[in-house]
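Engineer: Handing you a structure now.
The values are calculated or read from the model by the stated rules, or taken from the named source; none is laboratory data. What you see is a predicted model, and the numbers here were worked out from it, not measured in a lab. Ideal geometry is used to build each Cβ from the backbone, glycine not excepted, and the neighbour counts take in all protein chains shown. Only protein heavy atoms, including side chains, enter the accessible area calculation; ligands, DNA and RNA are left aside. Shrake-Rupley method; radii C 1.70, N 1.55, O 1.52, S 1.80 Å.
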Amino acid sequence: MKTKSKIFILAATVAAAMSAAPAQAQNTTYAPGDIVLFFHQFGGSNTVMLNVGAGTTFRDTTSNIMNIANIGSLLSNNTNGFGISWFDATNLYWGAAGVFNNSTSTTTLTNGDPGRTIYTSAVRTGIGTEGTALSAGWSVDSNGSMTTGANGIIAMANRMETTSLTTTLVEGTSTSNIDNQNPFNISGTPTNSFSVFPGSVVGGFGGGSFGSLGGVNAEGALDLYRILAASPAGTVDPATLREGQFQGTFVIDQTGDVSFIVQPVPEPSSAVLLASSALLGGLIRRRKKNA
């Protein structure tokens with residue numbers, strides 16, 4: 001009887017301990033395939049991440065997506081961010097990346113994307129024209145490298161999925177995977193993102209604004225590319241495998257507002273002219289009807 005009592009007490013103790021153990025956080029605002037914007041600083045102690053939504057949203061849009069989110073308060077925070085003049089910091093960089101999974105299946109699709117479809121950024125070298133790339137598009141050398149790249153992005157985004165409960169995550173470099181997956185060389189130059197993209201997927205900031213793109217006075221601009229590892233039947237926008245497809249451009253302004261630009265914004269004079277033409281057409285039709 002005593003032995004049975006001890007067993008019962010031991011079992012109850014184990015059950016209580018298991019029920020009291022904290023469960024691993026699961027971020028309901030994040031889903032595999034979401035694109036995260038990430039910010040880190042050479043020599044810095046913190047990183048910042050922002051989930052901007054499903055990669056397929058940016059694949060499918062035919063119009064600009066304005067003011068997706070504002071991250072200004074986090075970036076400008078002196079304790080957890082990069083200071084009030086973050087947009088002028090010469091050692092601050094940002095990038096974008098997302099992937100649904102690392103599956104090598106050549107038949108399974110998720111929202112029109114096969115496994116290991118990578119969305120990632122490239123540095124935009126100038127203002128250029130909205131809806132047109134102004135960056136060196138990515139070309140991945142092998143199928144194995146697509147798997148490596150997918151694994152690296154998953155490792156970075158996993159921190160957002162399991163550690164944060166919101167669309168943002170601020171972490172120290174000791175726990176963040178941003179700096180591990182997007183390293184700097186000894187002189188502070190970004191290099192070899194996700195062990196696959198030489199020269200890095202990140203772009204820098206610095207003194208003065210980048211320029212106006214899509215009506216946004218941008219402090220930074222990143223072209224977004226979609227890279228297919230496979231292209232089975234049903235794939236949305238199939239293309240040459242492992243060659244980046246330009247999707248549009250992420251821009252961020254001085255307040256921290258993030259937008260995605262795929263087409264020019266009509267000039268005010270053009271908008272007025274179109275409105276006037278429509279009004280005139282309506283008046284003409286009305287007069288003919290009343291004649």
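Yes or no, residue by residue, for (1) charged (D, E, K, R); (2) in contact with an Asp or Glu (Cβ under 7 Å, 6 or more places away or on another chain); (3) modelled with pLDDT under 95:
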position	(1), (2), (3)
S121	no, yes, no
D141	yes, no, no
M146	no, no, no
G152	no, no, no
E161	yes, no, yes
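Engineer: Could you list all residues from the stretch 207-237 that are open to solvent by 10 Å² or more (accessible area, probe 1.4 Å), over 21 Å from the mean Cα position of the chain (by Cα) and under 24 Å from S142 (Cβ atoms)?
Structural biologist: S231, P232, A233, T235
Engineer: Restricting to the stretch 186-207, name every residue that is part of a loop (DSSP other than H, G, I, E, B) and touching a helix residue (DSSP H, G or I) at 6+ places or on another chain (Cβ under 8 Å).
Structural biologist: Scanning the stretch 186-207 gives F194, S195, V196, F205, G206, G207.
Engineer: Taking the stretch 143-185 as the search range and keeping residues that are out of contact with any strand residue (DSSP E or B) (no Cβ under 6 Å at 6 or more places or on another chain), assigned to a loop (DSSP other than H, G, I, E, B) and of a type outside the set (V, I, T), which one is surrounded by the most Cβ atoms within 10 Å (Cβ to Cβ)?
Structural biologist: If we take residues in the stretch 143-185 being out of contact with any strand residue (DSSP E or B) (no Cβ under 6 Å at 6 or more places or on another chain), assigned to a loop (DSSP other than H, G, I, E, B) and of a type outside the set (V, I, T), then N177 is surrounded by the most Cβ atoms within 10 Å (Cβ to Cβ).
Engineer: Does the stretch 51-74 contain at least one residue that is in a strand (DSSP E or B), open to solvent by 40 Å² or more (accessible area, probe 1.4 Å) and of a type in the set (V, I, T)?
Structural biologist: So far as the stretch 51-74 goes, yes, one or more of its residues are in a strand (DSSP E or B), open to solvent by 40 Å² or more (accessible area, probe 1.4 Å) and of a type in the set (V, I, T).
Engineer: Okay, next question. So, in the stretch 153-175, exactly how many residues are in contact with a Leu (Cβ under 9 Å, 6 or more places away or on another chain) and of a type in the set (D, E, K, R)?
Structural biologist: Final tally of qualifying residues: 1.
Engineer: Select, from S200, S174, S103, S139, the only residue that is on the phi < 0 side of the Ramachandran plot, of a type in the set (S, T, N, Q) and touching a residue at least 60 places away in the same chain (Cβ under 8 Å).
Structural biologist: S139
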